[in-house]
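> Structure in structure tokens, see below.
The values are calculated or read from the model by the stated rules, or taken from the named source; none is laboratory data. Please read all numbers here as calculations on a predicted model, not as lab measurements. When we count neighbours, we look across all protein chains shown, and the Cβ atoms used for this are built from the backbone with ideal geometry, even at glycine. Side chains are part of the model used for accessible areas, which takes the heavy atoms of the whole protein and leaves out ligands, DNA and RNA. Shrake-Rupley method; radii C 1.70, N 1.55, O 1.52, S 1.80 Å.
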2 protein chains.
Amino acid sequence: MSMVRPSVHPVEAPPLTDHATPIHTMKDIQGMPGTLGGLLLRFLQFSFALVSLSVMATTSDFPSVTAFRYLVAAVSLQSLWSLSLAIADIYAILVRRGFRNPRIVSLFSVGDGITSTLTFSAACASAGITVLIGNDLNECAQNHCSRFETATAMAFMSWFAASPSFILNFWTLASK
Amino acid sequence: MSMVRPSVHPVEAPPLTDHATPIHTMKDIQGMPGTLGGLLLRFLQFSFALVSLSVMATTSDFPSVTAFRYLVAAVSLQSLWSLSLAIADIYAILVRRGFRNPRIVSLFSVGDGITSTLTFSAACASAGITVLIGNDLNECAQNHCSRFETATAMAFMSWFAASPSFILNFWTLASK
């Protein structure tokens with residue numbers, strides 16, 4: 001009987017792999033909606049947009065230039081959008097849930113893309129005019145150059161804070 | 001012997017699955033580098049940027065405005081970048097290979113992001129100044145308003161053609 005050896009050996013069970021999840025998951029990166037970093041980004045966007053809006057709106061002659069009117073409209077939209085998403089983030093943090101629904105994430109991504117593009121274009125147009133008034137024409141004596149510059153810089157800062165939100169949302173959407 | 005039936009039946013081989021590829025592959029979408037659609041996009045970007053550059057550079061007084069000088073620089077960069085990538089696309093189509101290397105795709109994505117952002121910001125600044133000269137100050141009699149408008153519009157068209165390239169490259173990068 002010692003010659004007879006079992007020909008069937010038990011084999012180890014293959015490791016359980018979940019094929020439904022892709023290889024690179026980026027579920028908990030700070031800055032995505034529903035995280036503290038995302039809330040911080042929204043707060044920065046909102047603050048900068050609000051400062052830009054108030055500085056530009058308190059100059060007396062901004063309605064005479066189309067680009068400045070456009071800047072006021074764009075940063076108003078940006079501040080409203082960022083405030084809404086900040087409230088959504090606060091809610092998500094309080095109930096300790098993330099935004100996993102692809103529809104919600106795509107809505108956030110498209111909205112972020114639109115508002116940040118509007119803010120950036122308005123900031124660029126205002127920067128062009130501010131540089132024209134200040135450097136090319138040297139008419140800062142009659143105009144509120146420093147206020148225009150502050151409002152433009154704050155709009156750029158708001159765009160800088162809005163870009164990571166957009167890129168992270170878009171990345172989340174694409175890697176799903 | 002008719003009672004003895006083979007207890008081991010041949011089973012069908014499981015279908016060959018490649019676990020290295022994720023579920024959602026977007027390998028052959030037109031517009032990505034190495035496709036005919038991508039080549040068409042590069043050609044459009046290059047043409048619009050070149051038209052914008054030549055229209056703006058033939059006005060006599062563009063160097064007096066900072067934003068117009070910036071537009072000339074930005075569309076020059078855009079046309080050079082699009083021409084280089086168009087040549088790379090033609091090569092890839094001729095040898096019938098795509099760009100699968102993630103490093104190449106990320107390089108293309110970052111370059112597209114930078115050039116398209118520069119083109120867009122220059123177009124916005126020029127648009128702000130063109131609207132200021134044309135509508136707010138009504139000084140079109142002394143300036144080349146129609147040329148400024150044409151150059152700005154062509155820069156915007158170049159940006160419109162550059163955005164799909166950037167978004168598709170970024171999507172390819174993120175979904176890998």
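> I'd like the residues of the stretch A:52-101 whose 1.4 Å-probe accessible area shrinks by no less than 30 Å² going from the isolated chain to the full set of protein chains.
A:THR66
> How large a share of the accessible area of the stretch A:36-174, in percent, is made up of carbon and sulfur atoms when the probe is 1.4 Å and the other protein chains stay in place? Don't skip to the answer; put the middle values down first.
On the way: 4620 of 6530 Å².
Carbon plus sulfur share of accessible area: 71 percent.
> Report the Cα-based extents of the stretch B:36-174 along its three principal axes, largest first, to the nearest Å.
54, 27, 20
> Ok, one more. Got a sec to turn the phi values of the stretch A:51-66 into Karplus ³J(HN,Hα) couplings, 6.51 cos²θ - 1.76 cosθ + 1.60 with θ = phi - 60°, whole Hz, x for Gly and Pro?
Listing the rounded values in order: 5, 4, 4, 6, 5, 5, 6, 8, 6, 7, 10, 5, x, 7, 10, 4 Hz.
> What residues does the stretch B:155-176 have that are buried by at least 40 Å² of accessible area in the full protein assembly compared to the chain on its own, 1.4 angstrom probe?
SASA drop of 40 Å² or more in the stretch B:155-176: B:PHE170, B:TRP171, B:ALA174.
> Using a label point 7 Å beyond Cα on the Cα-Cβ vector, give me the inter-copy distances for A:ARG97 in nanometres, one decimal, shortest first.
Computed spacing set for this position: 4.9 nm.
> Just to be sure I understand the interface: list residues from the stretch A:114-143 that lose 10 Å² or more of accessible area between the chain on its own and the complete protein assembly, 1.4 Å probe.
The answer is A:THR117, A:PHE120, A:SER121, A:CYS124, A:ALA125, A:GLY128, A:ILE129, A:VAL131, A:LEU132, A:ASP136.
> While we're on this one: Calculate the FRET efficiency for B:CYS140 and A:GLN142 from the Cβ-Cβ distance with a Förster distance of 25 Å, rounded to the nearest 0.05.
Values: r = 22 Å, r/R0 = 0.89.
So, using R0 = 25 Å, E works out to roughly 0.65.
> For the stretch A:26-176, with every protein chain kept in place, what is the accessible area per residue (1.4 Å probe, Å²)?
Here the per-residue accessible area is 48 Å².
> For A:SER84, place a label point 7 Å out from Cα along the Cα→Cβ vector, do the same in each other copy, and report the separations in nm, one decimal, smallest first.
The projected label point of A:SER84 is separated from its counterparts by 4.1 nm.
> Could you tell me which residue out of A:PHE48, A:LEU83, A:TRP159 lies farthest along the dipole of the stretch A:36-174 toward its positive end? Charges go on the beta carbon: Lys and Arg +1, Asp and Glu -1, centred on the Cα centre.
Towards the positive end, the residue furthest out is A:LEU83.
> In nanometres, what is the gap between the two model label sites at A:ILE93 and B:ILE93, each 7 Å from Cα along Cα-to-Cβ?
Once both label points are built, they end up 5.1 nm from each other.
> Distance in nm between label sites at B:LEU83 and B:THR59, each 7 Å beyond Cα in the beta-carbon direction?
Here the modelled spin labels are 2.3 nm apart.
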